[in-house]
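The values are calculated or read from the model by the stated rules, or taken from the named source; none is laboratory data. The structure displayed is predicted, hence computed values, not measured ones. Please note: Cβ atoms are built from the backbone with ideal geometry, for glycine as well, and neighbour counts cover all protein chains shown.
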Amino acid sequence: MLPYCTTVADSKKSIPNTSKLCLLLLISHYPIESDIIHLFNMIHEIFPHQLNNHFVITNDIAENDYILQYNEQGVLLKVNEEEFDLPRKKDISNLLSTTESTYLFLLNDVRCFLVWDNPKNTNDQFIYKDISFLRNFRPKEIAWVGVVGFQLRNWYSQNKFCGKCGSATHEKADERAVVCPHCATIVYPKISPAIIVAILCKDKILLAHNSNFQDNWYSLVAGYVDIGESLEETVMREVKEEVGLDVRNIRYYKSQPWPFSGSMMIGFFAEADDTQPICTDNVEITDAHWYSRGQLPNHPPVISIAGEMIDKFEKGEVG
């Protein structure tokens, strides 16, 4: 399984095998009411809206541009009675200085800027909400902007100094990267590839319970790709490690960017013989079972690739 992370500061290199928890919590941890679930596709699917991440350098923030500002684990939102929105520059002129900012991307035709300065003061018109709040936030395109901005904020913060010589870095002028002026080391945004696999046998699906999940909450097997592995090899290794099964007929499904952890989730379906014994380690994975349609335990909503793949099984579209 994936290591449990609450920020994208966790890197693939820093994950010790002996202390792996489960990043899949970030994909499946927060239940969403059933009437809301059906309003969502996966969180990044915002059509007809478009996030355009074409890189440019500009500090010229217009009054209608979105402002993305974060504290340790939260995003600054504008409060309008019981509703929330991302603030625009015209909303925060008395709250934030925009002198230190980084252009991120466009949402439709509106530019989005990361502002580094902390608020001068706070009032009841603005509030920090934990980044997980955006998982079931509407409109969905605003939620997506907020979490992608969060991933970039963390990456910029983690690379203010060169990992090779320790010098202060600066933003590269022609692409999204930071460069060291002393040794010329270039660092690009880190995206950690991870597989997630729905294991099927006839009319059953295997779901696993991680020790950090809430009671009666089950999801798919998932894990980071290791050095020298193909994606298919990762699927076979992770399934064997987590539930002790050998799988076959591994088939690619689709992928999902997951900014909460800086990951790219790559989905697969695979088959296994249900006569094989299920062997969990009782530390990370405490339980795993085969489930039939109509008898599934609580599981991730369809805003995540895990939830969508389970939903495909439940509807009889796979297996």
Legend entry - Hey, Pro193 of a type outside the set (Ser, Thr, Tyr), under 19 Å from the mean Cα position of the chain (by Cα) and in a loop (DSSP other than H, G, I, E, B) or not: no
Inset, instruction - Looking at (1) without any contact (Cβ under 8 Å) to a residue 12 or more places away in the chain; (2) closer than 19 Å to Gln151 by Cβ; (3) of a type in the set (S, T, N, Q), find the lone condition where Asn80 falls short. - result: (2)
Inset, instruction - Give me a count of the residues in region 189-237 that are under 24 Å from Glu317 (Cα atoms), touching an Asp or Glu at 6+ places or on another chain (Cβ under 9 Å) and without any contact (Cβ under 8 Å) to a residue 60 or more places away in the chain. - result: 1
Inset, instruction - Inspect region 134-148 for any residue being modelled with pLDDT under 95, more than 26 Å from Val302 (Cα to Cα) and of a type outside the set (Lys, Arg) and give the result as yes or no. - result: no
Legend entry - Odd one out for Leu26 among (1) at pLDDT 90 or above; (2) surrounded by 14 or more Cβ atoms within 10 Å (Cβ to Cβ); (3) not small (Gly, Ala, Ser); (4) not in a loop (DSSP other than H, G, I, E, B): (1)
Inset, instruction - Residue by residue through region 206-234, note down the ones that are among the β-branched types (Val, Ile, Thr), out of contact with any Ser or Thr (no Cβ under 6 Å at 6 or more places or on another chain) and crowded, with 20+ Cβ neighbours inside 10 Å. - result: Val221, Thr234
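Residues to consider are Glu72, Glu33; find the one that is under 24 Å from Ile305 (Cβ atoms) and modelled with pLDDT under 95. First the steps, then the outcome.
Working: Glu72 fails: under 24 Å from Ile305 (Cβ atoms).
Unique residue meeting the criteria: Glu33.
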Inset, instruction - Spot the failing condition for Ala270; the list is (1) surrounded by fewer than 20 Cβ atoms within 10 Å (Cβ to Cβ); (2) farther than 30 Å from Leu134 by Cβ; (3) within 24 Å of the chain's Cα centre (by Cα), and only one is missed. - result: (1)
Legend entry - Selection count where residues are out of contact with any helix residue (DSSP H, G or I) (no Cβ under 9 Å at 6 or more places or on another chain), modelled with pLDDT of 95 or more and within 23 Å of Ala194 (Cβ to Cβ), scope region 268-288: 2
Inset, instruction - Six or more apart or on different chains, Cβ under 7 Å: which pairs go from a residue in region 87-102 that's surrounded by fewer than 20 Cβ atoms within 10 Å (Cβ to Cβ) to one that's part of a helix (DSSP H, G or I)? Could you list them? - result: Thr98/Lys89; Thr102/Tyr156
Inset, instruction - Would you point out which residue out of Val243, Val178, Val247 is free of Cβ contacts under 8 Å to residues at least 40 places away in the same chain and surrounded by 15 or more Cβ atoms within 10 Å (Cβ to Cβ)? - result: Val178
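Out of the strands (runs of 3 or more DSSP E) lying entirely within region 43-122, which hold 3 or more residues that are under 24 Å from Ser263 (Cα atoms), within 19 Å of the chain's Cα centre (by Cα) and not hydroxyl-bearing (Ser, Thr, Tyr)? Show your work before the answer.
Details: elements: 66-68, 74-80, 83-85, 101-107, 110-115.
Per the criteria, 74-80, 101-107.
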